[in-house]
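Note sheet for the following structure.
The values are calculated or read from the model by the stated rules, or taken from the named source; none is laboratory data. None of the values given here were measured: they were computed from a predicted structure. Ideal geometry is used to build each Cβ from the backbone, glycine not excepted, and the neighbour counts take in all protein chains shown. Keep in mind that these areas ignore ligands, DNA and RNA; they rest on the heavy atoms of the full protein, side chains included. Shrake-Rupley method; radii C 1.70, N 1.55, O 1.52, S 1.80 Å.
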Amino acid sequence: MQTPAGPPTEVSLGAIPAGATVQIALSVNGVPRRVLVEPRVTLLDALRERMGLTGTKKGCDRGECGACTVLADGERIKSCLTLAVMRQGSEITTVEGLARDGELHPVQEAFIRHDAFQCGGCTPGQIMSAVACIREGHARSDDEVREWMSGNLCRCAAYQNIVAAVRDASREMGA
Ligand code: FES
Ligand code: FES
């Protein structure tokens, strides 16, 4: 059974029968999006499989690696641990939404400059986490970056370059 299309209504999880779909309305990278999802669908799967935004990566799918990090209302979250219905009305930013007018975000440029990725599997999550880390004021020293980016794992062990990139971008952004 599907919820008829129309203005999104407030989601009450207790009121949704098993197997039903719910329409959620989000702003994704500044674009209003509506998507029908079952209540069990994660934000990660809604982004990748329902909206075709595959920049956000699925690593562990259980909250351990940070590959799926996106910004929700400006805060970094692990989208594999977040149900899409919980984000009704939120502003979501994925790695696809960072560049402006064809110009890469300073964090993206710094990652390239510092060769801060190898396989790239963790990179979108690292970049989104770094954007928030800098905004939070938690990128004022290498140690601080290591501490506040510790939820983002890199199996290629590009950590040294990642820290250098985050510090460099932080200086460039005047944070
Ligand atoms: S895929 Fe979400 S934390 Fe690993
Ligand atoms: S660059 Fe390969 S996992 Fe980080």
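Things to note:
- With respect to the conditions (1) surrounded by fewer than 23 Cβ atoms within 10 Å (Cβ to Cβ); (2) at pLDDT 95 or above, Gly174 falls short on a single one, namely (2).
- Test for Ala164: is it part of a helix (DSSP H, G or I), small (Gly, Ala, Ser), over 15 Å from the mean Cα position of the chain (by Cα) and within 16 Å of ligand 2 (Cβ to nearest atom): yes
- Of all residues making up the stretch 68-86, the number that are among the hydroxyl-bearing types (Ser, Thr, Tyr) and surrounded by 21 or more Cβ atoms within 10 Å (Cβ to Cβ): 2
- The residues of the stretch 21-67 that are within 15 Å of ligand 1 (Cβ to nearest atom), open to solvent by less than 50 Å² (accessible area, probe 1.4 Å) and without any contact (Cβ under 8 Å) to a residue 40 or more places away in the chain, listed by number, are Leu44, Asp45, Ala46, Cys60, Gly63.
- Tallying residues that are within 14 Å of ligand 2 (Cβ to nearest atom) and in a helix (DSSP H, G or I) within the stretch 112-161 yields 12.
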